[in-house]
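See structure below.
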Amino acid sequence: MSDLELFVSIGLSEAKAKETLKNKNLTTNLKNVISEFLITNQPLANYGTLLYHLASKLKTQDFKHLELIIKYISENKLDTTQRIDCSLEFLRSSISESIDLLALEKSCGVGIIVTPEEIKEVVQSIINENKNELLEKRYKFNIGNLMQEVRKQLTWADGKAIKNEVDKQILGILGAKTEGDLAPVQKQKKVKEIKAVEKKVLVYTPMSIEEVMTKVDFHKPGENFKTDGYVVTKNTEMLLAKHIKETGGKIITRFPPEPNGILHVGHAKAININFGFAKAFNGECILRYDDTNPEKEEEKFFSGIKDMVEWLGYKPCRITHSSDYFDQLYIWAISLTKKGLAYVCHQKQQDMQGFNPPPSPWRNRPIEENLSLLNDMKNGIFDEGEATLRMKVTLEEGKQDPVAYRIKFLPHHRTKDKWCIYPTYDYTHCLCDSIENITHSLCTKEFQNRRSTYYWLCNSLDLYCPVQWEYGRLNMNYTVVSKRKIGKLIENKIVSDWDDPRLFTLTALRRRGFPAKSINSFCARMGVTGAQAIVDPQMLESEVQDYLNLTASRTMVALEPLKIIITNFESLNKENSLSVPDFPSDPDRGWHDIAFSSVLYIESSDFSLNADKDYRRLTVDQPVGLRYAGIVIKVVKVKTVGTTIEEIHVEAADVKTAPKPKAFIHWVSNPIEIEVRLYDRLFMHKNPEDVNQVPDGYLSDINPNSLRIVNAYADKMILKSPVLTNYQFERLGYFCVDFDSNDTKLVFNRTISLKDGSSK
């Protein structure tokens, strides 16, 4: 019998059966359910609806109870989909191997029969409580609420029977529907209230990662076994009880970076998810350095990681290192070897790579020999690459026997020369999680194929086993985040260092002027799903702009200054100092004074000798207004040296009497000189690592205009600005004070450009 015929035999329509076959998991579940049910010798067609419902609800951990559930269905103890759902909920909540059948039957309402008389009585009682409203609204009354009330009192009553009784009694009270009952509900027109105009206060409202994490369906502490795919052993119940006693039922997460590079924007998501989840439930998050590779670890990376975690606004409950547990990890390696679950192998690295490497010829060597060789590895008898300790387990992707220990004759920054063998991620990670009583081991999706090793290793050593949860990684277009590739960019002097503002490391984003709140909010908006997110930098920049628009004080700067002389300045009777708002849209937030004189500077792009019809700023024939100055200027004379415009002489008129100009431009007077670094995208293509788009490699895809440095003129009010202070240079963009600034020279980095029509 084909699968299609099998599914039709339980009562499914051919169309429903074909639809089911498209779902691989449901098809497998349904075939298993039917196979188990056939043993009962009951007619399939009589139970088809229940069997299909069961198959659609089954999770991996439910299959150990499948025989029991099928038995109860065949005996008509689980005779509704509701009772099947209750049975699954009960069984998932029980970690004990022996099931309390009486408690199971009670939770499922087995044997409880709700008679038609009981339904009639309860329906009548509830309708009487709502009779006045029912008579008023007639058939426009929401009977759904009545149904819910009946269901609360008669949990195991048949839903169709309840609906029929409700309809019957309402018909008896109201009679048949009239034309008025069938007429659509007329919407009443709302009378607009005239409200006093209130000043609207703009506030930046970031998305909260804590709020996002409260909606994620993770297990509760101690209920690890309820998670799909979690492996339960005979000691799981005891180990979970011990875990709860030690933690007090508190949620504990960890952020475990490798200290061999600087954190990037993808790590920001991981930081937010781990710290945010713990914070949302008053738990704890540990910062654990995964320092198992002494080859690339540097002190600057340790301090840099901690600085970035704290910059994002999080404080670890404690800081640990994988190396804190090296002694215990080695003891467990011996234990694993004694159990015949690990062996010393002499295959070269290249022979173990790929998905179908040949099995190790040393896989079945005697336990005592393995123990002796492992001791030799620890004592430095073998050279690097001559031996590894491998675990006897197969990963989800089919890769066999991952390495647990390898030889490296390198001193460790913390343990010095004590060890010449170091544990791998596959071996270390889950065991450190177990030691630290982690409740939720949250990691990106690429580690899903290591979940089997995670559970296998903890259970093989009879240790408390946390639950590994995976979420989609955050990737950004127009950048690379690989530590090796960023190292190449630095080595080739394409970028200055790990904090070059063209990169998407967190130190680079901070230096560029991205606020931590914006980065956190951006990560929260990405959500916690299994889907990998590849986003344009514009999405992050949009979040940054929303924040800086409300927090960055305004000032005027001429990036490419052009000298303007007002020939009739004296006759204007203007003060030499003007007071301008820090936030023009909200003047109550503060003001600052700026200089104003006959000599000032505008942006060179704000004047054109050969303007087209859409150009709205200063030309020989077109006047323009000056922001905050209250004047309109028109050209009198243009002084040039060759083809270069040296200065422009203008006449000014009061804005109240002059013809209205097409635009108002920014300017500075009596300015200070500053250095401005205009950053743009580092790469030309969205994915510089795509060999189809960039066949010569990412180093060949560098944007030659990713950095332009100009000496600009700025107002003196910014002279004493602290490092990382954000400003909006009016009409230009948002800028940030760089670390290279000092008492005599200010350096600014462009954070993002303004998206407006200032180029016209």
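The values are calculated or read from the model by the stated rules, or taken from the named source; none is laboratory data. Keep in mind it's a predicted model, so treat the numbers as computed, not measured. Virtual Cβ from ideal backbone geometry, glycine too; neighbours counted across all protein chains shown. Remember, those area values only see protein heavy atoms, side chains included, never the ligands or the DNA or RNA. Shrake-Rupley method; radii C 1.70, N 1.55, O 1.52, S 1.80 Å.
Mind checking the stretch 503-591 for GluC sites (Glu not before Pro) that DSSP puts in a loop (not H, G, I, E or B) and that have at most 15 other Cβ atoms within 10 Å? Don't skip to the answer; put the middle values down first.
On the way: sites: 541, 543, 570, 575; in loops: 575.
Listed in order of number, the matching sites are 575.
In what sequence, highest mean first, do 90-103, 294-307 appear when ranked by Cβ atoms within 10 angstrom?
294-307, 90-103
By DSSP, what percent of the beta bridges with both residues in the chain are antiparallel, rounded to the nearest 5?
65
If amide hydrogens are placed 1.01 Å from N in the peptide plane, which non-local residues have theirs closer than 5 Å to the one on residue 421?
Close amide H contacts, sequence-distant or interchain: 408.
Dividing the alpha-carbon Rg of the stretch 629-687 by 2.2 N^0.38 Å yields what?
This ratio for the stretch 629-687 stands at 1.76.
Per 5 Å bin, what is the whole-percent P(r) computed from every C-alpha pair distance within the stretch 641-744?
Taking all Cα pairs of the stretch 641-744, the binned fractions are 2, 8, 12, 14, 12, 13, 13, 11, 7, 4, 2, 1, 0 percent.
As I understand it, the value is the acute angle between the Cα axis of helix 537-551 and the longest principal axis of the Cα atoms of the chain; what does it come to in degrees, rounded to 10?
For helix 537-551, the angle is close to 60 degrees.
Mind ranking 656-668, 259-271 by how tightly packed they are, going by the mean number of other C-beta atoms within 10 angstrom, highest first?
259-271, 656-668
With all protein chains present, how much of the accessible area of the stretch 340-410 (probe radius 1.4 Å) comes from carbon and sulfur, to the nearest whole percent?
Exposed carbon and sulfur together represent 48 percent of the surface.
For the chain, take the longest principal axis of its alpha carbons; what is the angle in degrees between that and the long axis of helix 451-460, to the nearest 10 within 0 to 90?
For 451-460 against the chain, the angle is about 50 degrees.
Quick one: what does P(r) look like for the stretch 221-289 with 10 Å bins over all Cα pairs, in whole %?
For the stretch 221-289, the binned pair fractions read 19, 36, 32, 13, 1 percent.
Along the charge dipole of the stretch 423-520, pointing to its positive end and built from +1/-1 on Cβ of Lys, Arg, Asp and Glu, which listed residue (490, 449, 434) has its Cα farthest out?
Projecting each Cα onto the dipole axis, the largest value belongs to 490.
Heavy-atom accessible area per residue, the chain, 1.4 Å probe: how many Å²?
Using a 1.4 Å probe on heavy atoms only, each residue of the chain averages 51 Å².
So what is the orientation-averaged projected area of the stretch 199-332, using the convex hull of its C-alpha atoms, in nm²?
Computed as one quarter of the Cα hull surface, the answer is 11.7 nm².
Given bins 20 angstrom wide, list per bin the percent of all Cα-Cα distances in the chain, short to long.
It works out to 12, 31, 30, 21, 7, 0, in whole percents.
Solvent-accessible area of residue 158, probe 1.4 Å, all protein chains present, reported in Å² to the nearest ten, please.
The accessible area comes out at roughly 90 Å².
Ratio to report: Rg/Rh of the stretch 1-139, with Cα atoms as the point set and Rh obtained by the Kirkwood method; give two decimals.
On the way: Rg = 19.1 Å, Rh = 17.2 Å.
That ratio is 1.11, to two decimals.
Counting alpha carbon pairs within less than 8 Å and at least 6 residues apart, what relative contact order, in whole percent, applies to the chain?
9
Using amide H atoms built 1.01 Å from N in the peptide plane, name the residues 5+ places from residue 288, or on other chains, whose amide H lies under 5 Å from its own.
255, 320
Hey, what number do you get for the chain at 222 nm if only DSSP H runs of n ≥ 4 count, each worth -39500 (n - 2.57), divided across all residues, to the nearest 500?
Taken over the chain, the calculation gives -10500 deg cm²/dmol.
Answer rounded, prolate or oblate for the stretch 396-493, using the Cα gyration tensor with square roots of eigenvalues a ≥ b ≥ c: rounded when a/c is under 1.5, else prolate when a/b is larger than b/c, else oblate.
oblate
How large is log10 of I(q)/I(0) for the stretch 506-663 at q = 0.10, 0.15, 0.16, 0.17 Å⁻¹ when the intensity is taken from the Debye formula with one equal scatterer per alpha-carbon?
Those come out to -0.56, -0.93, -0.99, -1.05, one per q.
Hey, if we sort 173, 286 by accessible area with the 1.4 Å probe, largest down, what's the order?
From most accessible down to least: 173, 286.
To the nearest 10 degrees, how steeply does helix 116-129 sit against the main Cα axis of the chain, on a 0 to 90 scale?
Around 30 degrees separate the two axes.
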